[in-house]
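Step one of this worksheet: look at the structure below.
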Amino acid sequence: MLILGIESSCDETAAAVVEDGRRLLSSVVASQVDIHHRFGGVVPELASRKHIEAVSPVVQEALATAGITREALDAVAVTQGPGLVGSLLVGYSFAKALAFGLDIPWVGVNHLEGHILSVFLEDDPPPFPFCALLASGGHTAIYHVTGYTAIERMGQTRDDAAGEAYDKVAKVLGLGYPGGKVIDDLAHQGDPSRIPFKRPFLDRNGFDFSFSGIKSAVHRMVQKQPEEMTSRMKDVAAGFQEAVVEVLTFKLMHAVREKNCRHAVVAGGVAANRRLRESVRQAGREQGVAVHIPGLELCGDNAAMIAAAGYHYLQEGRRGKLDDDVYSRVPL
Ligand code: KG4
Ligand code: ZN
């Protein structure tokens, strides 16, 4: 079954062709980072307009790279939410119209489920059940996953998402937007023990997170000692990153023990973080847990994960209806 995936929930317009929810034939991502960079964050109105310009060429490119015409498609899967409503509407309307025109089924996919299922596009996917840490710019949560669409949330952030904390710290340090990759690179040159940060929620039972305090701590340091902090940026980045990574790793491993799982998954934009990948893999080795993290191109927003998740929705008999709408928030 050949599925075209379309993703436009935030600032990436993406399309992909995936066979049977497993085999990736193409994945195209058109990023708007350059446009939003100078505003220090995503400007929703600009994002929607850019999606309108990009969606058709991106879909064409995905089909061409996969070596197929649209008539070969069996279904279309598209992100329905959560995300920016104006952005979502562009991909969603396009997908609906395309599927209607081709007279094939289509299905709206939850973006967060897409992230979690992205790992099934890799060669060695986990068997069920497993625990998954989803850390992105908009969400940070831990899930117990017992089937492709049987996903139960165990805990989540009470305030900022992990990626959001990276982005805000980068902004405070004058490093631009988005901040994840820049802080990741900078942290590797610094010493995480020179400027220690409190590990938020590490001592609390349960699986919730909180990242706004640590972001504010960096903000206060920079306000108090701007010169000192600018000259010690690498150590600030390293200290901040170490605290975030330690909490994410600890909670994921705690969930794995609680649910008696043998497999753990890390997904979402922050899963691209080198220190997080290393830390979770090491914890997995120590605790006899197999760790699965998608390749870098599948961590950030992409449409392959939407096509993969859509395949399983369709297998369950779910179908989009013409009067369905997008949603900005959803309690997965
Ligand atoms: O999943 P994603 O592409 O979009 C959302 O659904 O939010 O995640 C984007 C987030 C941004 O906050 C970005 O700064 C963060 O992922 N990110 C990283 C890294 N690469 C991207 N955070 C830490 N380290 C990275 N290497
Ligand atoms: Zn995402």
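The values are calculated or read from the model by the stated rules, or taken from the named source; none is laboratory data. The structure presented is a predicted model; accordingly, all values stated were derived computationally and were not measured. As a convention, Cβ positions derive from the backbone with ideal geometry for all residues, glycine included, and neighbour counts pool all protein chains shown. Note: accessible area is taken over every heavy atom of the protein model, side chains too, but ligands, DNA and RNA are not part of it. Shrake-Rupley method; radii C 1.70, N 1.55, O 1.52, S 1.80 Å.
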So what are the ³J(HN,Hα) numbers for region 320-327, from phi and the Karplus equation (6.51, -1.76, 1.60; θ = phi - 60°), rounded to whole Hz, Gly and Pro as x?
x, 10, 4, 9, 5, 10, 7, 9
Quick one: work out the % antiparallel among DSSP beta bridges in region 126-293, nearest 5.
60
In nm, to one decimal, how far is the Glu316 label point from the Gln223 one, both placed 7 Å along Cα→Cβ?
4.5
Calculate the spin-label point distance for Ala97 paired with Asp325, positioning each point 7 Å from the Cα along the beta-carbon direction, and give it in nanometres.
2.0
Note, region 159-174: 3J(HN,Hα) by Karplus (6.51, -1.76, 1.60, θ = phi - 60°), whole Hz, Gly/Pro = x, goes 9, 6, 7, 4, x, 5, 5, 4, 5, 6, 5, 4, 5, 4, 7, x
Looking at the chain, what % of its DSSP beta bridges pair antiparallel, to the nearest 5?
60
Bins of 10 Å, starting at 0 and running to the largest distance - Cα pair percent for region 214-332
11, 28, 29, 22, 9, 2
Express in whole angstrom the spacing between the alpha-carbon centres of region 294-328 and region 23-76.
14
So which lysines pass the test for Lys181, namely a Cα distance under 25 Å, with those fewer than 8 places away in the same chain ruled out?
Lys50, Lys168, Lys171, Lys198, Lys215, Lys234, Lys251
With label points built 7 Å along Cα→Cβ from the Cα atoms of Ser210 and Ser56, find their separation and express it in nm.
5.0
Go ahead and collect, in residue order, the members of region 160-175 whose backbone nitrogen is under 19 Å from a label point 7 Å along the Cα-Cβ direction of Thr230.
169-175
What does the convex hull of the Cα atoms of region 126-293 come to per residue, in Å³, rounded to a whole number?
99
The correct ranking of Lys259, Lys224 by accessible area at 1.4 Å, largest first, is Lys224, Lys259
Interatomic Cα distance distribution for the chain, bins of 20 angstrom, percent
33, 56, 11, 0
Over region 126-293, with the other protein chains present, what is the accessible area per residue in square angstrom, probe 1.4 angstrom?
44
Whole-Å distance linking the alpha carbon centroid of region 206-284 with that of region 120-179 is 12
Quick check: from the Cα gyration tensor, does region 1-155 come out rounded (a/c under 1.5), prolate or oblate?
oblate
Report, to the nearest whole %, how much of the accessible area of the chain belongs to carbon and sulfur atoms, 1.4 Å probe, protein only.
49
Between Ala290 and Ala64, take the C-beta separation as r, use R0 = 51 Å, and let me know the FRET efficiency to the nearest 0.05.
0.90
Roll a 1.4 Å probe over the protein chains and send me the accessible area per residue for region 21-102 in Å².
48
Can you tell which of Gly180, Gly239, Met154 lies farthest toward the positive end of the dipole of region 126-293, using +1 and -1 charges on the Cβ of basic and acidic side chains (Lys, Arg; Asp, Glu)?
Met154
